[in-house]
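This report refers to the structure that appears directly beneath it.
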Amino acid sequence: MSTETGWVPPATSLYTDHYELTMLQAALRSGAAHRRSVFEAFARRLPDGRRYGVVAGTGRILEGIRNFTFSSDQLEFLARTKVVDAPTIDWLADFRFSGDIYGYTEGEAYFPYSPILTVESSFAEACVLETYILSILNHDCAIASAASRMTTAAGDRPCIEMGSRRTQEESAVAAARAAMIGGFTSTSNLEAGYRYGIKTVGTAAHSFTMLHDTEREAFEAQLASLGHGTTLLVDTYDVETAVRTAVELAGPELGGVRLDSGDLVTQAQWVRRLLDDLGNHNTHITVTSDLDEYAIAALASAPVDSYGVGTELVTGSGAPTASMVYKLVSRENDDGVQVPVAKAAKNKISKGGRKYALRRLDERGVASAEVIGIGHRPDSDSNDRSLLEQFVKNGELLPGFTGAEAVQRAAERHRLSLAELPGTHRRLQRGEAVIPTEFEEQA
């Protein structure tokens, strides 16, 4: 599979744990591997103190599943290292996912036990996808959830994703994508722009200023190359001198200045006054420097126009994983009848049975509960909203869930989903989930 840009996802079949394939081998040996099964990905709890999570990564999962096949070189590796036996190698050689996948659309808010992704297939097919699914969901949901908190704190001011150098290269692309879903408007990462049609931005770093003999020469070079609408970094040396030089060279057409150090609140206030005194009322101020949602909230009263966020975003702002799990909740018995199954270990309880979910809305359209039906669709009134959508049918990817289209769609879903949550979701203080999760057992 390729996206509209021509980018082809890498082979994903070995992005997995050893025990997934040894489990497959044992299930093939016992004859149970072909039992129709239902697996669900969900989080038992939100990160400590968080009030909601944001779904992200589904599109990347779907891109990868289309490319989840085993090459002859990979099969030779598995045979040579004795990971699995010859019959299992033969099964893997013909592997292509042929089941169904349902789930929450990207950008949707989720809560404890929300059935974010449901895989229905043979046990064997669902089993080998486990690690790949969880590695994406745990990363991307964590980033999108952090991004959502940051953009909520930012209000109408745009946030720029710029964390590529603070994480692994492929994680940087995934983080940029997840950040857009969580409300960011642009990224510094060009690969993310290429793959997913995301707007990319950037001008210059401190090294560009220091490369030149004077700051004036550096600004002259940048303005000559990028135009007066560019943003100049003004804190390499003395901020006031830099601002005055920038305005002298570019005049009122200067697009922006960027502050990357110091007391950003105080500095932004006097830089704004200085720009206004010099006649540059339309020159924007962008702030960067280890921002998180709390720092952004603290800057709410400062005359700042946009935020650039890096480290805290790509590390989940204190919650680097969404703690998703992938559990077998139903499988065929010897008579071909689906029976619910559940883990009962202390502190790791799961609920058996295929799940369906809706968001209960009150008469004003405000969410009041996450309702999960076990083995049946929950009872709904006229304004409740069903949360599950089908992504894959009989192994075929349904349109609209990958590429640039999926990112745009997810960002809009995120906006609409947050708009129906109670206003307490905006609070950054530690608290319980903003709505409760309620289960409806099958009668």
Enumerate lysine pairs in the chain that are 8 or more residues apart or on different chains, then count those whose Cα atoms are under 30 Å apart. 13
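What net charge is computed for the residues neighbouring VAL128, neighbours being all others with C-beta under 13 Å from the C-beta of VAL128, Lys and Arg scored +1, Asp and Glu -1? Let's see the in-between values first.
Values: positive: ARG96; negative: ASP17, GLU20, ASP94, GLU125, GLU130.
Taking every other residue near VAL128 into account, the sum is -4.
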Using a basic spin-label model with each label point 7 Å from the Cα along Cα→Cβ, how many nm lie between SER261 and THR200? 2.8 nm
Only residues of the range 122-142 count here: report those whose backbone N is under 16 Å from the spot 7 Å along Cα→Cβ of GLN390, or say none. 122
For the chain, give the share of DSSP beta bridges that are antiparallel, in percent and rounded to the nearest 5; count only bridges with both residues there. 65 percent
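Give me the percent of Cα-Cα pairs in the chain that sit more than 26 Å apart, rounded to a whole number.
Numbers: 59286 of 97903 pairs.
Value for the chain: 61 percent of Cα pairs lie more than 26 Å apart.
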For ASP17 and PHE439, extending 7 Å from Cα along the Cα-Cβ vector and measuring point to point gives, in nm, a value of 2.3 nm
Output for the range 93-178: trypsin sites (Lys or Arg not before Pro) sitting in coil per DSSP, at most 13 other Cβ within 10 Å, listed by number, reads ARG96
Compute the separation of the alpha-carbon centres of the range 59-78 and the range 203-226 and state it in Å as a whole number. 46 Å
7 Å from Cα along Cα→Cβ at both SER225 and ARG244: what's the point-to-point distance in nm? 2.7 nm
For a quick protection proxy, order the peptides 327-339, 303-315, 263-275, 349-361 by their average other-Cβ count within 10 Å, most packed first. 303-315, 349-361, 263-275, 327-339
In the calculated pair distance distribution of the range 1-131, what percentage of Cα-Cα distances lie above 20 Å? 52 percent
Burial order of peptide ranges 178-191, 120-133 (average beta-carbon count within 10 Å, highest first): 178-191, 120-133
If you build the Cα gyration tensor of the range 319-443 and take the root of 5 times each eigenvalue, what three semi-axes come out, in whole angstrom, biggest first? 27, 21, 18
Compactness of the range 150-221 - radius of gyration and Dmax, Cα, Å: 14.7, 42
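For LEU274 and VAL339 in one chain, what is 0.36 nm times their gap in residues minus the Cα-Cα distance, to one decimal in nm? If you can, show how the numbers build up before the last one.
Details: separation 65, 0.36 × 65 = 23.40 nm, distance 7.06 nm.
Residue separation times 0.36 nm, minus the Cα-Cα distance, leaves 16.3 nm.
Taking Cα pairs under 8 Å and at least six residues apart, what relative contact order does the chain come out at, in percent? Don't skip to the answer; put the middle values down first.
Working: 917 pairs, mean separation 101.2, N = 443.
With pairs under 8 Å counted, the relative contact order is 23 percent.
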Just to confirm a number: summing +1 for Lys and Arg and -1 for Asp and Glu over residues other than GLY64 whose beta-carbon lies under 15 angstrom from that of GLY64, what do you get? -2
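Read-outs: derived from the displayed coordinates by stated rules, not from any lab. Quantities reported herein were computed from a predicted structural model and do not represent experimental measurements. Reconstructed Cβ throughout: ideal geometry from the backbone, glycine too, with neighbour counts over all protein chains shown.
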